[in-house]
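Notes follow once the structure below has been shown.
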Amino acid sequence: MFLNTVLVVLTDLAAHLLGNTVFRKHFHLLLSAVVMFGPALSFWVSSHSVFARRSHFLYRLFLHSGWGWTCIFVGSFVFLLSFSIRRSLALSVRHLSRLGLAGGLWLGFCKLLDYLENTTGSCYEPMLSGPEATIGQPLLVLREGESKSECLKAGMLWRGYEVSEDIFLLCLCCLVLAEETAVFGPYLSLGGISDAPLRILFLFCVLLLGLWIFLLLCLLAYFPKFPAQLLGGALGCLSWRGLYQGWYRVGLSWCCPGRPGLGLLNIKTETSDAEGKPLNHNYCN
């Protein structure tokens, strides 16, 4: 009973924060400020910290599979919420398709960025001799005809036009999480019924959002790369704006799944049926 009370209190607080109009409208600005000024933290963090090593288990376990973790938790939450309200598999799949479209956009941009870096870059072999080597700057000898993968496998350096895919992924995941979970606050405020599994899934989504923000700060502070990280953050925000603030607001159709909460917050719950009052709410992201 005590644990259930704690769960209800925590999820209610998080749901009202994420569902707050001010938070939803300005979260992308907060994220943009983090990306812009986060590298300044490098003046205060220690290079001997455990987070200064790319081999840290948080980077290995979560960073390179960030979209997978996001889809697992957000997808489970969206499906359970939509199916518990309407009992319609087609409606649940339609809401889940937003994640598929965002994932397709992310993969497409990653392929495009890899192609751009391969076509604009060159391979260099460091030479540990010469006067520059005495001051810690080895000579770089250009190696022509090498692709990026072959260059890195040979232990050489690849220099090209780079956009940080890690920052791009984390920014996109944070914005998608904020958008998809924001509907839970209005749903609860309207008397929507929510059992323990739905609240636990929502809490996991909130914890995942906190983890992505923490990893974003770690990358900016311990591995600052300007302007690659700034470009990655800008691309993530533009992808979110194009989908959630553009395409998904066009209107429900075969090619547009609609915004989060569409068709879910204008129904009658068991509580409202018992009171004879319809649950109606015009939710706009």
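Here are some notes:
- Conditions (1) surrounded by 14 or more Cβ atoms within 10 Å (Cβ to Cβ); (2) modelled with pLDDT under 90: number failed by S55: (1)
- Selected residue (only one of T5, T11 is farther than 24 Å from L231 by Cα, of a type in the set (S, T, N, Q) and free of Cβ contacts under 8 Å to residues at least 12 places away in the same chain): T5
- L29 vs. criteria touching an Asp or Glu at 6+ places or on another chain (Cβ under 9 Å), assigned to a helix (DSSP H, G or I) and closer than 19 Å to C171 by Cβ: no
- Flag for E179 being under 22 Å from Y244 (Cβ atoms) and among the acidic types (D, E): yes
- Top-ranked residue of the range 68-101 - restricted to ones that are out of contact with any helix residue (DSSP H, G or I) (no Cβ under 9 Å at 6 or more places or on another chain) and farther than 24 Å from D166 by Cα, ranked as surrounded by the fewest Cβ atoms within 10 Å (Cβ to Cβ): A90
- Scan the range 81-116 for residues that are closer than 18 Å to L265 by Cα and either assigned to a helix (DSSP H, G or I) or modelled with pLDDT of 95 or more (or both) and the total you get is 15.
- Tally of residues being under 22 Å from L207 (Cα atoms) and in a helix (DSSP H, G or I) across the range 44-68: 14
- The set of residues in the range 242-267 that are among the β-branched types (V, I, T) and surrounded by 12 or more Cβ atoms within 10 Å (Cβ to Cβ) contains only I267.
- Look at the range 62-88: where a residue is closer than 18 Å to A196 by Cβ and a partner is among the acidic types (D, E) and at pLDDT 95 or above, sitting 6+ places away or on another chain with Cβ atoms under 8 Å, you get F77/E180; V78/E180.
- Close pairs (8 angstrom Cβ cut-off, 6 or more residues apart or separate chains): within 21 Å of L264 (Cα to Cα) and in contact (Cβ under 8 Å) with a residue 60 or more places away in the chain in the range 168-180, among the basic types (K, R) and buried (at least 24 other Cβ atoms within 10 Å of the Cβ) anywhere: E180/R98
The values are calculated or read from the model by the stated rules, or taken from the named source; none is laboratory data. Keep in mind that what you see is a predicted model, and the values were worked out from it rather than measured. FYI the Cβ positions are ideal-geometry reconstructions off the backbone, even for glycines, and counts take in every protein chain you see.
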